[in-house]
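Everything on this sheet refers to the single structure shown next.
The values are calculated or read from the model by the stated rules, or taken from the named source; none is laboratory data. Computed from a prediction, not measured in an experiment: that's the story for all the values here. Here the Cβ positions follow ideal geometry from the backbone for every residue, glycine too, while neighbour counts run over all protein chains shown. Only protein heavy atoms, including side chains, enter the accessible area calculation; ligands, DNA and RNA are left aside. Shrake-Rupley method; radii C 1.70, N 1.55, O 1.52, S 1.80 Å.
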Amino acid sequence: MKDIMRLCFSLGAVCLIGTAGLVLVNKITLGPREAAAKATLMEGLKIVLPPETTKIALETKEDAEEKDKVIVMDDVKLYRGYDSNGDELGIACEASAVGFSGPIQTLVGINNDGEILCVLVAAHNETPGLGTLVTDRKAQKSIWGGNEDSDGLPPNPFLDAFTGSKASAPKNVDAISGATQSGNGVKNAVAKACHAYNAYKSAN
Amino acid sequence: MSVLKEFTKGIWKENPVLVLMLGMCPTLAVSTSAKNALGMGIATTFVLAGSNVVISWVRKFIPSNVRIPCYIVVIAVFVTIVEMLMGAYAPAELNKTLGIYIPLIVVNCIVLGRAEAFASKNGAFASMLDGLGMGLGFTLALMALGGVREFLSAGTLFEYVVVPGWPDFLLFKLPAGAFIVLATFLAIMNYRRIRKAEREGTSYTPPEMDCSHCHICK
């Protein structure tokens with residue numbers, strides 16, 4: 001009996017100390033982690049919105065000006081992009097859907113004609129080499145040279161297949177072998193984003 | 001055993017993938033390309049060395065009956081802390097390249113295996129060297145596997161085209177290809193050992209057929 005108590009105490013102590021350590025580190029790193037995630041999101045928004053965009057509506061405070069506010073439809077966030085004259089150029093929708101391992105945070109840029117400009121995965125936990133086939137954009141390089149024109153956004157056949165289709169009826173993109181679940185996650189996220197965009201447009 | 005031996009044994013003689021058969025799950029999943037293999041290897045080496053040191057420090061306070069659950073807690077806490085610190089302070093590019101591998105390591109059996117077989121019996125410095133050596137061996141084995149699979153599936157190495165116009169050979173990108181390449185590697189390793197044993201006039205038993213390298217049930 002005494003032995004069992006000792007074992008329980010040891011295991012409990014290890015768990016408690018571990019939890020305390022995690023809580024502490026979580027508290028310390030929460031601010032910087034959120035800042036890093038926001039920086040990644042900003043970078044993504046700039047990519048998916050039309051290139052002429054100079055200002056993005058990012059305010060989440062209630063008392064901010066209507067024009068500068070992020071629109072929230074269900075759990076999708078809509079960021080409006082404006083040019084230097086203050087005219088709306090398009091909307092970037094941030095939507096998440098569950099892939100193979102956890103949510104896939106997807107950004108969908110839609111222009112004023114309701115056409116999908118670009119789809120980008122901002123954050124995910126998919127398996128490298130398999131799930132990432134449908135989430136990561138990477139440039140094809142060659143050891144034989146000819147890598148000069150790799151400055152633009154690197155291609156991804158799966159994500160690029162959405163480009164050009166209408167938000168009212170997003171294209172049904174074929175799955176990729178090895179990344180079926182992850183691909184479904186991206187597709188669901190794009191569908192959610194388009195649904196929110198359509199709801200917003202029909203309300204305004 | 002000398003200090004250098006602790007480090008070098010993981011690279012060839014006790015290679016975690018090809019000899020100890022540890023960490024098969026990430027080996028099969030993440031060896032789709034040489035670059036993925038390198039990323040996974042670096043992340044694992046770091047975590048392995050770190051967790052070995054931590055386990056070596058706490059080994060005297062943990063009763064042997066509950067050591068395995070305690071090690072799992074310690075390793076999971078260590079990996080989660082590394083993940084949070086990387087998300088907060090590592091440059092975005094590094095976090096994007098290595099960060100995605102960290103969650104895969106939390107329950108990696110190489111980490112638990114080395115904690116049990118080595119770090120729980122040795123000092124912090126030797127444990128760190130063991131972790132680094134095992135990590136390096138894991139990285140090299142994974143890169144060899146990843147390189148072969150990437151080359152056969154797409155004609156590329158480290159995402160650079162080596163043979164232009166190579167037909168897409170999907171089999172090697174998918175899990176079946178991982179099994180085929182890994183089995184070939186293990187067959188070559190065993191063939192070398194059998195030849196060596198024959199030359200020395202002894203017989204050879206593959207080490208993975210017994211469990212002498214593992215101390216969990218002792």
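For region A:165-202, filtered to residues that are under 17 Å from A:Leu120 (Cβ atoms) and among the hydroxyl-bearing types (Ser, Thr, Tyr), the residue that is surrounded by the fewest Cβ atoms within 10 Å (Cβ to Cβ) is A:Ser165. Against the list (1) of a type outside the set (Val, Ile, Thr); (2) more than 9 Å from every other protein chain (Cβ to nearest Cβ); (3) crowded, with 23+ Cβ neighbours inside 10 Å, the condition A:Ser96 fails is (3).
For A:Val72, the criteria (1) without any contact (Cβ under 8 Å) to a residue 24 or more places away in the chain; (2) in contact with an Asp or Glu (Cβ under 8 Å, 6 or more places away or on another chain); (3) of a type outside the set (Gly, Ala, Ser) hold in every case but one, which is (2). Pairing residues of region A:173-193 that are within 14 Å of chain B (Cβ to nearest Cβ) with residues that are at pLDDT below 90 and surrounded by fewer than 19 Cβ atoms within 10 Å (Cβ to Cβ), at Cβ distances under 7 Å and at least 6 apart in sequence or on separate chains, gives A:Ser177/B:Leu170; A:Ser177/B:Leu174; A:Gly178/B:Leu174.
Taking the options A:Asn147, A:Asn188, A:Asn172, name whichever one is at pLDDT 90 or above, polar (S, T, N, Q) and on the phi < 0 side of the Ramachandran plot.
When all the criteria are applied, what remains is A:Asn188.
Checked against (1) of a type in the set (A, V, I, L, M); (2) more than 10 Å from chain B (Cβ to nearest Cβ); (3) under 25 Å from B:Ala90 (Cα atoms), A:Ala35 meets all criteria but (2).
Specify the residue that is modelled with the highest pLDDT; the eligible residues are those in region A:1-46 that are open to solvent by less than 70 Å² (accessible area, probe 1.4 Å) and hydroxyl-bearing (Ser, Thr, Tyr). Selected residue: A:Thr29. On the stretch given as region A:131-152, residues that are charged (D, E, K, R), more than 10 Å from chain B (Cβ to nearest Cβ) and farther than 24 Å from A:Ala36 by Cβ total 3.
Return yes when B:Gly165 is of a type outside the set (A, V, I, L, M), part of a helix (DSSP H, G or I) and more than 10 Å from chain A (Cβ to nearest Cβ) and no when it is not. Answer is no for this residue. No other residue among A:Pro128, A:Pro155 is within 29 Å of B:Phe172 (Cα to Cα), free of Cβ contacts under 8 Å to residues at least 24 places away in the same chain and within 10 Å of another protein chain (Cβ to nearest Cβ) apart from A:Pro128.
Determine which single condition B:Trp12 fails, assuming it passes every other condition in (1) within 14 Å of chain A (Cβ to nearest Cβ); (2) open to solvent by 20 Å² or more (accessible area, probe 1.4 Å). Among (1) within 14 Å of chain A (Cβ to nearest Cβ); (2) open to solvent by 20 Å² or more (accessible area, probe 1.4 Å), the lone unmet condition for B:Trp12 is (1). Do you know which residues across region B:21-78 are more than 11 Å from chain A (Cβ to nearest Cβ), under 30 Å from B:Pro175 (Cβ atoms) and open to solvent by less than 40 Å² (accessible area, probe 1.4 Å)? Of everything in region B:21-78, those that are more than 11 Å from chain A (Cβ to nearest Cβ), under 30 Å from B:Pro175 (Cβ atoms) and open to solvent by less than 40 Å² (accessible area, probe 1.4 Å) turn out to be B:Leu22, B:Gly23, B:Thr27, B:Gly41, B:Thr44, B:Thr45, B:Val47, B:Leu48, B:Ala49, B:Gly50, B:Ser51, B:Asn52. Considering region B:1-62, the qualifying helices (runs of 4 or more DSSP H), each wholly inside and each with 1 or more residues that are of a type in the set (Gly, Ala, Ser), run over B:24-30, B:34-58.
The conditions of being among the aromatic types (Phe, Trp, Tyr), closer than 16 Å to B:Trp12 by Cα, assigned to a helix (DSSP H, G or I) and in contact with a Gly (Cβ under 9 Å, 6 or more places away or on another chain) are not met by B:Phe185.
Looking at region A:135-142, is at least one residue under 15 Å from the mean Cα position of the chain (by Cα) and buried (at least 20 other Cβ atoms within 10 Å of the Cβ)?
yes
For every residue, the table says whether it meets (1) under 17 Å from the mean Cα position of the chain (by Cα); (2) under 26 Å from B:Val73 (Cβ atoms); (3) hydrophobic (A, V, I, L, M, F, W, C); (4) within 11 Å of chain B (Cβ to nearest Cβ).
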{"position": "A:Met1", "(1), (2), (3), (4)": "no, yes, yes, no"}
{"position": "A:Arg6", "(1), (2), (3), (4)": "no, yes, no, yes"}
{"position": "A:Ile56", "(1), (2), (3), (4)": "yes, no, yes, no"}
{"position": "A:Glu59", "(1), (2), (3), (4)": "no, no, no, no"}
{"position": "A:Lys69", "(1), (2), (3), (4)": "no, no, no, no"}
{"position": "A:Tyr82", "(1), (2), (3), (4)": "no, no, no, no"}
{"position": "A:Leu89", "(1), (2), (3), (4)": "no, no, yes, no"}
{"position": "A:Cys118", "(1), (2), (3), (4)": "yes, no, yes, no"}
